[in-house]
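The values are calculated or read from the model by the stated rules, or taken from the named source; none is laboratory data. Model, not experiment: these values are computed from the prediction. Cβ placement follows ideal geometry from the backbone for every residue including glycine, while neighbour counts extend to all protein chains displayed.
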Amino acid sequence: MALLLGCSAISARSAEVKEPATRTEVVFDGADNYTDWNLSDSANGYRESVFTALRSFLSRQAEQLLPEGYKLKVTFTDIDLGGRPSRKIHSASGAPAFEFTYQVTDSSGTVVRQGTENLRHYTDFGNYKFSVETTDMATNVIQGEKPMLKSWAVDAFAGLNQR
């Protein structure tokens, strides 16, 4: 009985351990009107899997590229995943497209970088095409979009580590 109570106490203590706070906040604003047909259908479970994958992938990029204590907030205003059904005519190449704003803050909360992005015709992602991880099943749903997002993050966060 004492052993059982001891195990219960250990389990209760480990259940109380909180996850570290994430350094990345990702907001999906106006998702019902996104260009990507499957994402704009709020009844479709596919939407949440894409949103979860984007959050996970961008969080990982922030962890790798931002200095300790810095935070990233991204607010998507439109998404068109490459080669998938769309509400609007997408680029002739069928490439993915993202419209969003972002803000990077330092450990004191001061904004150190911000901007508005329209990656609809973003083509500077060739160097990262084969360097992006391919085995992460949590973000596999956005496999084709990772190189563009990684390239954007590398460019957008360049120089922040030297502060």
Qualifying residue in the range 123-144 (condition: of a type in the set (D, E, K, R), closer than 26 Å to L39 by Cβ and at pLDDT 65 or above): no
Top-ranked residue in the range 145-158 [being part of a loop (DSSP other than H, G, I, E, B) and modelled with pLDDT of 90 or more; ranked as farthest from F51 (Cα to Cα)]: A158
Pair list, Cβ under 8 Å, 6 or more apart: the range 98-122 residue free of Cβ contacts under 8 Å to residues at least 12 places away in the same chain and among the β-branched types (V, I, T), other residue assigned to a strand (DSSP E or B) and surrounded by 10 or more Cβ atoms within 10 Å (Cβ to Cβ): V111/Q103; V111/V104; V111/T105
Qualifying residues in the range 28-75 (those that are in contact with a strand residue (DSSP E or B) (Cβ under 8 Å, 6 or more places away or on another chain) and in a loop (DSSP other than H, G, I, E, B)) - the one surrounded by the most Cβ atoms within 10 Å (Cβ to Cβ): Y34
Tally, over the range 24-42, of residues that are within 13 Å of K73 (Cα to Cα) and not aliphatic (A, V, I, L, M): 4
Qualifying residue in the range 109-118 (condition: among the hydroxyl-bearing types (S, T, Y) and at pLDDT 90 or above): yes
Residue in the range 76-96 that is modelled with the lowest pLDDT, counting only those that are surrounded by fewer than 16 Cβ atoms within 10 Å (Cβ to Cβ) and of a type outside the set (K, R): A92
Close pairs from the range 56-74: first without any contact (Cβ under 8 Å) to a residue 60 or more places away in the chain, partner basic (K, R), Cβ under 6 Å, at least 6 apart: K71/R23
